[in-house]
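K.L.:
This structure is in structure tokens; I'll ask about it shortly.
The values are calculated or read from the model by the stated rules, or taken from the named source; none is laboratory data. Just so we're clear, the structure is a prediction, and the values are computed from it rather than from any experiment. Cβ placement follows ideal geometry from the backbone for every residue including glycine, while neighbour counts extend to all protein chains displayed. Remember, those area values only see protein heavy atoms, side chains included, never the ligands or the DNA or RNA. Shrake-Rupley method; radii C 1.70, N 1.55, O 1.52, S 1.80 Å.
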Amino acid sequence: MAVHAQGIDRVAAAKKEGTLTLYTTIAEKDLPTLVKPFESKYGITVNVWRAGTSNVLQRTIAESGARKYDVDVIHTGSPEMEALAREQILLPITVPVQNELQPGSVPAHRQWAATLLSVWVQAYNTKLVKKADLPKTYKDLLDPKWKGKLGLEGKDEDWFASVVDVMGGGETGLKFFRDLASTNGLSVRQGHTLLNNMVISGEVPLALNVYNYMPEQAKKKGAPIDWFALEPAIARSNGVGVARHAPHPNAALLFYEYLLGEAQQYFVSTDYVPSNAKVASPLKGIWIVQANPARSLDESDRWTGLFESTVVRHAKR
């Protein structure tokens with residue numbers, strides 16, 4: 001297991017290491033915003049290998065299996081971070097900044113922590129739906145006035161599973177979606193960008209699960225769209241962890257703490273919702289529940305099937 005120096009000594013030890021390697025899924029355009037302030041502050045070079053979620057997961061596991069210890073820090077979707085934790089690839093970490101994070105951001109084993117939240121919100125066409133008429137709870141969506149007006153993205157099984165929980169769990173929660181589909185109908189689309197654009201065009205007056213930054217960015221450009229959040233809003237998180245066999249353990253831990261602390265403002269500037277509750281968030285004051293990454297990992301097929309049979313199969317295209 002990697003040994004980390006403490007406090008000021010660790011910063012000095014990290015600077016002495018001088019470099020670290022990051023495997024991540026963060027968008028290419030956002031990487032300089034996140035990485036450059038760290039490099040400037042500490043004089044430590046961050047070597048980045050960027051790929052899609054499954055590639056980051058597969059490469060990290062394959063290299064660990066081959067005892068090829070190149071990576072220091074991994075940053076990807078939380079279900080994938082949970083998979084790496086189960087493979088005992090990540091180092092359990094306890095640091096003060098973890099106490100500043102939103103509930104659900106640090107699993108009991110402490111092998112990774114959430115850095116950013118992709119929060120699903122509800123978006124509506126401002127020409128077709130009045131703000132005063134918006135639903136205040138998920139149950140309000142059952143009002144017949146929403147018949148033919150609702151749309152959702154058809155691949156978010158973790159959002160679906162979380163709302164089933166909110167609506168009572170098990171059969172009770174599934175009944176809510178069955179009733180919604182049979183009473184008011186649901187237009188199911190593939191892709192959040194497409195769904196967001198259909199709200200703008202008016203084809204879908206009210207969308208139930210788009211990422212918060214999509215309608216916000218379109219609204220700023222003058223599109224007839226706005227958003228609100230039924231609470232609890234559901235979020236999918238990305239997480240960060242340090243490799244147990246990190247070749248640069250002190251630089252790795254310093255970068256881990258940086259992503260959970262100082263870098264949170266940079267996540268906000270690139271339209272993400274921060275996991276750190278102390279950082280000004282576009283969703284400040286909104287109750288957010290993070291989708292369970294262990295369930296996403298273990299029960300994805302089951303919830304995909306339930307989503308398909310409960311909603312998608314009965315929806316209009």
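K.L.:
Residues of the chain: accessible area per residue at 1.4 Å, in Å²?
P.N.:
Roughly 44 Å² per residue, with all protein chains present.
K.L.:
Which of the aspartates and glutamates could a cross-linker span from Lys127 if the Cα-Cα distance has to be under 15 Å and same-chain partners fewer than 8 positions apart are dropped?
P.N.:
Partners found: Glu203, Asp226.
K.L.:
Which lysines have a Cα lying under 28 Å from the Cα of Lys36, excluding residues fewer than 8 positions away in the same chain?
P.N.:
Lys15, Lys16, Lys68, Lys220, Lys278, Lys284
K.L.:
Cross-link candidates for Lys175: which aspartates and glutamates have Cα within less than 12 Å, leaving aside residues fewer than 8 places away along the same chain?
P.N.:
By straight Cα distance, Lys175 reaches Asp165.
K.L.:
Hey, of (i) 39, 21, 16; (ii) 33, 22, 18; (iii) 44, 20, 17, which did the structure itself give for semi-axes √(5λ) of the Cα gyration tensor in Å when calculated?
P.N.:
(i)
K.L.:
Separate question: Could you tell me the distance between the Cα centroids of segment 130-173 and segment 231-260, to the nearest Å?
P.N.:
Using only Cα atoms, the two centres lie 32 Å from each other.
K.L.:
Assuming a ≥ b ≥ c are the square roots of the Cα gyration tensor eigenvalues, decide whether segment 272-317 counts as rounded (a/c under 1.5), prolate (otherwise, with a/b larger than b/c) or oblate.
P.N.:
Judged from the Cα gyration tensor, segment 272-317 comes out oblate (a/c at least 1.5, b/c at or above a/b).
K.L.:
What does the extension gain come out to for Lys15 and Ser201, with contour length at 0.36 nm per residue minus their alpha carbon separation?
P.N.:
Using 0.36 nm per residue and subtracting the Cα-Cα distance, I get 61.7 nm.
K.L.:
Out of Thr76, Thr126, Thr115, any idea which swings most in a Gaussian network model of the chain, alpha carbons joined below 10 Å?
P.N.:
In the Gaussian network model the winner is Thr126.
K.L.:
For segment 100-217, rounded, prolate or oblate, judged on the Cα gyration tensor with a ≥ b ≥ c (square roots of eigenvalues), a/c < 1.5 rounded, else prolate if a/b > b/c?
P.N.:
Note, shape of segment 100-217 comes out oblate.
K.L.:
Further question on the same structure: Under a Cβ-Cβ cut-off of 11 Å, what is the net charge of the residues other than Val46 that fall near it, where Lys and Arg count +1 and Asp and Glu count -1?
P.N.:
Net charge in that neighbourhood comes out at -1.
K.L.:
Taking a ≥ b ≥ c as the square roots of the eigenvalues of the Cα gyration tensor of segment 219-317, is the shape rounded (a/c under 1.5), prolate (a/b larger than b/c) or oblate?
P.N.:
Oblate shape, in that a/c is at least 1.5 and b/c is the bigger or equal ratio.
K.L.:
May I ask for log10 I(q)/I(0) of segment 19-156 at q = 0.18, 0.20 Å⁻¹, from a Debye sum over the Cα atoms as equal point scatterers with solvent left out?
P.N.:
Calculated log10 I(q)/I(0) at the listed q: -1.09, -1.25.
K.L.:
For a quick check: with amide H placed at 1.01 Å from N, whose amide H comes under 5 Å from Arg189's, ignoring anything fewer than 5 positions away on the same chain?
P.N.:
Leu152, Glu153, Gly154
K.L.:
Carbon and sulfur atoms: what percent of the 1.4 Å accessible area of the chain do they account for?
P.N.:
C and S fraction of accessible area: 52 percent.
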